[in-house]
Amino acid sequence: MPPFTLPDWIALAVFVLCWVVYALLVDRIPSIRARSVIAAMDEHRRRWMMAALPRDNRIADIAAIGNLMSSVSFLATSSILILGGLVAMMAAPDLGRRVVAAFPWSDVPSEAMWEVKIGLLLLIFVNAFFELTWSLRQFNYLSILVMGMPQDATATTSAEAAARLANRGARHFNTGLRSYYFGLAALAWIIHPVALIAASLLVLRELHRREFRSVARDALATMRVG
């Protein structure tokens, strides 16, 4: 059993609560989700698919989907590179601990705790990889649906199906991106448990600000109402 101290347990509990509770509240409670930038964009993607129905030439729509796929692909590829670096850190604990010891006020972990802390980062970025690659596949499916939609403004069933697929792809992309945010917070645990608590709360505050109180959210919500 790794030598967890009380600050380690508290820091890990704060980290898990910040991530899991925030995700449950935002993703699972409709009244809260409806006020987020994610919900506002869901409606705009639905309008996009409806507007694409009567278009004969949908090259611009496919190009837009391709831009979305490029962003997702970049992060998915980056997660693989990060995982490779983490595996290297797991294989060289002495070197990594010497680097940590150079930071002021750092709490140099034992070899067992080093493996636990790097293991947590591995789990986070494995989750990010799976979320992002599933998002990528859904945007790939979306491009096929868009090109297969009939050129008929009344064929709303096809547009609704495409919008649902686009929104699911965006939701998994957002979940993968959230893993990146909390992965950066978990990195602070290597330095000190207090750093993990501070980083977790900072990430939580930033996520809430961007998804519920940002200028982008207000603009998108205003356009949705209008």
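Where a number appears in this text, it was derived from the coordinates with a stated rule and is not lab data. Every value quoted in this text rests on a predicted model; they were computed, and no experiment measured them. No Cβ is skipped: glycine too gets one built from the backbone with ideal geometry, and neighbour counts run over all protein chains shown.
Observations, loosely collected:
- Take 120-130, 17-27, 71-81 and order them by the average number of nearby Cβ atoms within 10 Å per residue, most first; the result is 120-130, 71-81, 17-27.
- Simple spin-label estimate for V100 and T157 in nanometres, 7 Å along Cα-Cβ: 5.8
- In terms of other Cβ atoms within 10 Å, L165, L184 run from fewest to most in the order L184, L165.
- Spin-label model, I32/A92: points 7 Å from Cα along the beta carbon direction are separated by 4.2 nm.
- Only Lys, Arg, Asp and Glu carry charge here, each on its Cβ (+1 for the first two, -1 for the last two); on that basis the chain has a dipole of about 600 debye about its Cα centre.
- Note on the chain: Kirkwood hydrodynamic radius from all Cα pairs is 19.6 Å, rounded to one decimal.
- Ellipsoid fit via the Cα gyration tensor, the stretch 80-145: semi-axes of 35, 10, 9 Å, each the root of five times an eigenvalue, largest first.
- R0 of 22 Å, Cβ-Cβ distance S78-V116: FRET efficiency to nearest 0.05: 0.40
- In this structure, L24 and M147 have a Cβ-Cβ separation that, at R0 = 30 Å, corresponds to a calculated FRET efficiency of about 0.25.
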